[in-house]
1. Please turn the phi angles of region 415-431 into ³J(HN,Hα) values with the Karplus equation 6.51 cos²θ - 1.76 cosθ + 1.60 (θ = phi - 60°), one per residue in order, whole Hz, x for glycine and proline.
2. Roughly what % antiparallel, to the nearest 5, for the DSSP beta bridges in region 110-358?
3. Counting only protein chains, not ligands or nucleic acids, how are Trp16, Trp259 ordered by accessible area (probe 1.4 Å), most first?
4. With P(r) over Cα pairs in 20 Å bins from 0, in percent in mind, check (i) 20, 38, 25, 13, 4, 0; (ii) 27, 60, 14, 0; (iii) 24, 58, 17, 1 and report the label derived from this structure.
5. Given the pairs Lys131/Lys265; Lys284/Lys446; Lys295/Lys325, which span a C-alpha to C-alpha distance of over 26 angstrom in this model?
6. How many Å² of accessible area per residue for the chain, probe 1.4 Å?
7. Could you tell me the accessible area of Thr429 in Å² (1.4 Å probe, neighbours in place), rounded to the nearest ten?
8. Top to bottom by accessible area (1.4 Å), largest first, where do Leu258, Leu393 land?
Amino acid sequence: MAKLWGGRFDGKNEAWIDAFGASIPFDQQLAVQDITGSLAHVKMLGETGIITKEEAQQITVGLNILAEKAAKDELTFTIENEDIHLNLEKMLHDEIGPVAGKLHTARSRNDQVATDMHLYLKEHLNEIIEKVQHFRAVLVNKAEEHVETIMPGYTHLQHAQPISFGHHLMAYYGMLTRDQSRLEESMKRVDISPLGCAALAGTTFPIDRQMTADKLGFADLYMNSLDGVSDRDFILEFLSNSSILMMHLSRFCEEIILWCSHEFKFVELTDTFSTGSSIMPQKKNPDMAELIRGKSGRVFGDLVGLLTVIKGLPLAYNKDLQEDKEGMFDTVHTVATSLDIMAGMIDTMKVHTQTMHDATEKDFSNATELADYLAAKGIPFRQAHEIVGKLVLACTQKGIYLQDVPLEEYQAINSIIEEDIYDTLASKTAVIRRHSLGGTGFDQVKKQIQLAKTAL
């Protein structure tokens, strides 16, 4: 089969080399975007008189036929035509004849593919932003249900201080809010049109780049043709932001996996988001959470892969840039699916509130309360810290907890300690009393939730 660019060549094509160089196995995902870009381009060609309006109309009819076939998944792609652009051009030629060859006037595959990817990422970035927004709403709703659910707060994966489970969930809301902000802000770099930059130097034809940008709904234009065809920063930024987002999901999944374990028993996932074992009939595994934790590595790899591809490229376009697409497609799919799974998993998750609360009663997470109690009575905090530390040591040796120490023993340590110490040591009291802005006190958690609802 003769190549559409084959006039310069007289050698025989090797099928296995064609297969190695072809991108159509994956860039066929850009069919709709490629047709959309071509429709804008041909309209501009007709309006500016670069081709006749009759020719533009013929080409438009043919492109619309291809668009209808694409919508029905009726297009057949071939390795011989190597990429999405040449495949569609060949199909257009089959539909309308030689006039199809005029479509490529005043453009190159270089600005064409860049335009396709801007269009693709703009569409899917908006979808991902909507999914992040939905997951944020799920977190807020679940947090509102559990403002007064008490759980251990951890540092170093050791019991630290009792907190509201709603407060814990709202921490992830904060992460996801920053993720959404980064994705939204990055849209400015996605929403730029490279169409008309041609191969690298622009074109001698009197094109109207603003017309095609407007037709395609782009907010801005590349002002340098070299930059327009070689820029992949907008994909790198998406991959970077997606990596941070997936890191947040992975952290959350790690906690969910721990909470589902026999040792914690804090939560239980529904059967929809769990799987069993082929050999151990008792197992209920949090596999969806584990998969998301694992899939974060795919997205990190997509980012590092594209950074490595681009780091040594001279201007402008190089064939290396064919490697920019699969990672982008993979990340879009991985992030979108992971967000859907996370939202469903958290929305339907059963929380064992009593188990969570009990975990704060048989530990020393109230030690800070005792130190603060002494400090409020006038004892320097460092001295109070030492007193409590020694008391905790004594309790561990006796196998008791701070709330089990008799009042006379407390008063033997310091006479300022009164009966109210036991209320102070209660985990619920410890949580309620933390009224500082952004703290875990119920009033502060409710304030966080109200602010989040307003923002959403």
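The values are calculated or read from the model by the stated rules, or taken from the named source; none is laboratory data. Keep in mind that this is a model prediction, so the values were computed, not measured. Every residue, glycine as well, gets a Cβ built from its backbone with ideal geometry; the counts of neighbours run over all protein chains shown. The protein model used for the area step is the full one, side chains on, heavy atoms only, and it has no ligands, DNA or RNA in it. Shrake-Rupley method; radii C 1.70, N 1.55, O 1.52, S 1.80 Å.
1. Each residue's phi maps through the Karplus curve to give 5, 6, 6, 10, 4, 5, 4, 6, 5, 4, 7, 5, 4, 5, 4, 4, 6 Hz.
2. Counting DSSP beta bridges with both partners in region 110-358, the antiparallel share is about 80 percent.
3. The ranking, largest first, comes out as Trp16, Trp259.
4. Among (i) 20, 38, 25, 13, 4, 0; (ii) 27, 60, 14, 0; (iii) 24, 58, 17, 1, the one calculated here is (i).
5. Lys131/Lys265; Lys284/Lys446
6. Ligands and nucleic acids excluded, the result is 48 Å² per residue.
7. Using a 1.4 Å probe on the heavy atoms, I get roughly 30 Å².
8. From most exposed to least exposed: Leu393, Leu258.
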